[in-house]
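*Asks:* Pasting in a structure now, in C-alpha cells, and then I'll have a few things to ask.
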C-alpha cells in the first residue's frame, strides 16, 4: 500500500515538474526578445547579464531575456532552431560560423536596421568579416589577434631583441631566435596546432598569402604560392629541421601547452590574446611573462581574424527592437566592458580608445596596438571551405608539420584535392 | 575443469587492468576537481592535489544554476525511466511469449531503430514536437527519451521475460488467474531485477543525454545538467577546467548512488529454486 502512495507521489511530482509555467508578456503589450549569449568566462557572463539588466531597467516595453548558449554546440543548435522557427531573436556567434546561416536566409540583413553611429564606429575591414554576398549578417564586436606569449626571463637571459608592434620580428628572424633559445631538451617555441588551418591561414596574411583567389568568372580556386608558403615552411623547419619547436605540441590545443610553458620547456607559445586570462590564473608565482606581436612578413603584422558577432534572426518579429538592443550593447563603454570580460579586443574605434585597453597591465596595450592590423580571415565566406578544411587541408598541414610529406606534396594536395572540393560547391 | 594457477593469475591481472582502465578517467576527474588553477597548470601533475581546494565547487555553483539543472535532470530522467518501464514490461512479455508476426516485426524494429544517429532524426523530431507544442517543455523531452530508450529497454526485458519459466504462468492460469493478473502478480515480481536494470538504463541514458536537451529546451530554467555543464567550455574548446571537473564530478554522483543502492537487486538470483528441473 505504501509503495502505491510513493508511486502516486513520484508521478505527481513529475507532472508538476514537467509542466511549463510562466505567463505571456505579449498579453500585456510588452515585447520580449531572447538574447542567446555564448559568454562563458565568469567576468564575461557577469558583464553580459549586467548589461541586459541595465537595458531592462531603462526599457520597460522591450524586455530582453538572457539565454545561455554554448560555443561547443552552437552551430547544430542554431541550425535546428532556425529550421523549427524557434531561433533566439539576438544571436551571439562568430563570423566564420555565419556563412551557412546567411546564405540560407536565416539571418536578417542588418544594413537598414543598424544606426549610423554603430556603422561608422566599426571599421570597414571588420564589417567585411560578416558580409556575405551583398548583405551584412552580423555585427563584429570582439576579436583577438594571435600573439606570442613569452617567458620574459628566458628571453632577457638569452639577450635576444624583444619585438614590439612597431618593430616586430620578421619570420626569418623569429626562426633564428627560436633556434637560439633551444637546446638541452628545451624549445624556443611550442606551436599548438590542433587546428592547423585557421592558424596557418590567418598568420599567412602577414606574408601576403591569400591562398583563395577569385577569378574573373567569380569562382574561387586555391593557389599555394610563394607567399602562402612562408609561415608553413617556418613552422615545418622549426619542428623538423632546427628542432627549435616542440614536435609533441603540434597536435595540441592552446591550453595543453601551458604546463610546459610554465615548467620552462618552451620559451614562447603562439596563442590567442585572450589566453592571458588562463595565464594569469595558472602561472606559478613570480613567473614573468609578456605578450609579443606575431612575426611580420611582406604585409607587416596583418592577420586574419573571425570576430565574435551579434546577429538578428530573420524570423524575429521584432528586428527593430533587437537592433536597438545591439546598439545599446555595443555603445563604446559597454563594448569595453564586454572586451575586458572576455580578455579580447573590441572592434569599435570608440571603445579601442578607452584607457583600460592601453594599460601595460597584462599587456593590454600590446594587443590594442595590433587592432588596426586585423582583417577578415581568408576563406570564411568561400563556399565549401569547411569541407576543404576538414578533408583536405587539416590532414595535409598536419602531415607536413610532422615531417611526413614534403612542401611539394602539401601544395599538390591543397591545390589539386582542394580545388576539386571547391568546384563541387561552385557549379 | 580446474583452472591452473597461472591462468587464474592472468584473469585477475586482466580484471585489474580493466578496472584501472574504467576508473582512471573518473579518479582523474576527482583529482582535477580539487586542484587550484595553478596546480592544473603544473608540468608535473599529481594524483593527490598538493593543496586541495573547494574553490572549483564554489565557482561552479556561483556561475551556473547547477542544483536547479540537476533537479530538472532528475525529473526528466525519472519520468523517462518510469514511463519506459511501464510501457516496455507488457510489450516485452508479449514479444517473449507470443510468436506472432507482429512480435517478430517488433523485434526487427528494435534492432533497426538502434542504427539511426541523433543528427538524422533531430530536425524531423523538432518539427513534430513543435507541432505538438512540446518544444521547450520538459514533458517533450521526457517523451523523446522514452521513445529513444524504449527499443533497448524492450530488448533487455524480453531476455528477462524469457528467463522466467512459462510453467509458473501456466500454473497461475490453472488457478484461474487472467493474463493481466498473471503479468502483475506472477511475472512482474520475478522480473524485478530486470525491471530495475532496465529502469536504471533508461534513467542513466536520460540523465547523461545532451544533444536533444540542448536542441529542445530553450529557456534557461528548463535546461538539464549536461547542457549547463557545457557552459564551462568556451571558443575553440578552451575549458574552465577546475569548475567543469567539479560540476561533472557532482553530476556523476546520482548515477553512482543509484547503482550502489540497487546493485544487489540486479545481480540477485531471485529465480533460484522457482521450479524443479
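*Asks:* Would you be able to say whether some residue in segment A:293-300 is in a helix (DSSP H, G or I), crowded, with 22+ Cβ neighbours inside 10 Å and either in contact (Cβ under 8 Å) with a residue 24 or more places away in the chain or touching a strand residue (DSSP E or B) at 6+ places or on another chain (Cβ under 7 Å) (or both)?
*Replies:* No, that holds for no residue.
*Asks:* Right, another one. Which ones in segment A:239-249 are surrounded by fewer than 22 Cβ atoms within 10 Å (Cβ to Cβ), in a loop (DSSP other than H, G, I, E, B) and away from chain B (no Cβ under 14 Å)?
*Replies:* The answer is A:243, A:247.
*Asks:* Oh, and also: Take the residues in segment A:285-308 that are within 11 Å of chain B (Cβ to nearest Cβ) and modelled with pLDDT under 95; name whichever of them is nearest to residue A:189 (Cα to Cα).
*Replies:* Out of the qualifying residues, it is A:285.
*Asks:* Something else about it: For segment A:352-363, enumerate the residues that are touching a strand residue (DSSP E or B) at 6+ places or on another chain (Cβ under 9 Å) and farther than 23 Å from residue A:299 by Cβ.
*Replies:* Once the filter is applied, which keeps residues that are touching a strand residue (DSSP E or B) at 6+ places or on another chain (Cβ under 9 Å) and farther than 23 Å from residue A:299 by Cβ, segment A:352-363 yields A:354, A:357, A:362, A:363.
*Asks:* Can residue B:88 be described as touching a helix residue (DSSP H, G or I) at 6+ places or on another chain (Cβ under 9 Å) and either within 30 Å of residue A:84 (Cβ to Cβ) or buried (at least 17 other Cβ atoms within 10 Å of the Cβ) (or both)?
*Replies:* For residue B:88, the condition - touching a helix residue (DSSP H, G or I) at 6+ places or on another chain (Cβ under 9 Å) and either within 30 Å of residue A:84 (Cβ to Cβ) or buried (at least 17 other Cβ atoms within 10 Å of the Cβ) (or both) - is met.
*Asks:* So is residue A:261 in the same structural domain as residue A:197 (by TED's automatic domain parsing) and part of a loop (DSSP other than H, G, I, E, B) or not?
*Replies:* no
Matching residues to (1) surrounded by 19 or more Cβ atoms within 10 Å (Cβ to Cβ); (2) more than 16 Å from the chain's Cα centre (by Cα):
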site: A:251; (1), (2): no, yes
site: A:291; (1), (2): yes, yes
site: A:305; (1), (2): yes, no
site: A:310; (1), (2): yes, no
site: A:313; (1), (2): yes, yes
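*Asks:* Here's something else I'd like to know. In the set A:224, A:174, A:212, which member is closer than 18 Å to residue A:384 by Cα and modelled with pLDDT of 95 or more?
*Replies:* Every option except A:224 fails the conditions.
*Asks:* Might you let me know whether segment B:96-119 holds any residue that is in contact with a helix residue (DSSP H, G or I) (Cβ under 9 Å, 6 or more places away or on another chain), crowded, with 22+ Cβ neighbours inside 10 Å and touching a residue at least 60 places away in the same chain (Cβ under 8 Å)?
*Replies:* Within segment B:96-119, none of the residues are in contact with a helix residue (DSSP H, G or I) (Cβ under 9 Å, 6 or more places away or on another chain), crowded, with 22+ Cβ neighbours inside 10 Å and touching a residue at least 60 places away in the same chain (Cβ under 8 Å).
*Asks:* Restricting attention to segment A:253-273, which residues are more than 8 Å from chain B (Cβ to nearest Cβ), more than 23 Å from residue A:157 (Cα to Cα) and buried (at least 18 other Cβ atoms within 10 Å of the Cβ)?
*Replies:* Within segment A:253-273, just A:273 meets the criteria.
*Asks:* With the structure loaded, tell me whether residue B:106 is more than 14 Å from chain A (Cβ to nearest Cβ), over 25 Å from residue B:159 (Cβ atoms) and at pLDDT below 90 or whether it fails that test.
*Replies:* No.
*Asks:* Could I ask something else about it? Quick check on residue B:150: is it part of a helix (DSSP H, G or I), more than 14 Å from every other protein chain (Cβ to nearest Cβ), touching a residue at least 60 places away in the same chain (Cβ under 8 Å) and crowded, with 18+ Cβ neighbours inside 10 Å?
*Replies:* Taking the combined requirement at face value, the residue satisfies it.
*Asks:* On to the next question. Please specify each residue of segment A:33-84 satisfying the condition of being in a loop (DSSP other than H, G, I, E, B), within 7 Å of chain B (Cβ to nearest Cβ) and either surrounded by fewer than 21 Cβ atoms within 10 Å (Cβ to Cβ) or without any contact (Cβ under 8 Å) to a residue 24 or more places away in the chain (or both).
*Replies:* A:41, A:70, A:84
*Asks:* Let me ask you something else. Collect the residues in segment A:175-224 that are assigned to a strand (DSSP E or B) and in contact (Cβ under 8 Å) with a residue 60 or more places away in the chain, keeping them in residue-number order.
*Replies:* A:186, A:187, A:188, A:189, A:212, A:220, A:221, A:222
*Asks:* Follow-up question, since we're still on this one. With the condition kept exactly as written, say whether any residue in segment B:234-241 is away from every other protein chain (no Cβ under 13 Å) and either at pLDDT 90 or above or over 27 Å from residue A:65 (Cα atoms) (or both).
*Replies:* no
*Asks:* For the list (1) more than 30 Å from residue A:110 (Cα to Cα); (2) free of Cβ contacts under 8 Å to residues at least 24 places away in the same chain; (3) in contact with a helix residue (DSSP H, G or I) (Cβ under 6 Å, 6 or more places away or on another chain), I need the number of the one condition that residue A:336 fails.
*Replies:* (1)
*Asks:* Report the residue count in segment A:86-137 for those that are in contact with a strand residue (DSSP E or B) (Cβ under 8 Å, 6 or more places away or on another chain) and either in the same structural domain as residue A:202 (by TED's automatic domain parsing) or assigned to a loop (DSSP other than H, G, I, E, B) (or both).
*Replies:* 13
*Asks:* Which ones in segment B:40-76 are within 10 Å of chain A (Cβ to nearest Cβ), buried (at least 17 other Cβ atoms within 10 Å of the Cβ) and in a helix (DSSP H, G or I)?
*Replies:* B:40, B:59, B:63, B:72, B:74, B:75, B:76 - these are the residues of segment B:40-76 that are within 10 Å of chain A (Cβ to nearest Cβ), buried (at least 17 other Cβ atoms within 10 Å of the Cβ) and in a helix (DSSP H, G or I).
The values are calculated or read from the model by the stated rules, or taken from the named source; none is laboratory data. Quick caveat: nothing in here was measured; it's all calculated off a predicted structure. We place every Cβ from the backbone using ideal geometry, glycine too, and count neighbours over all the protein chains shown.
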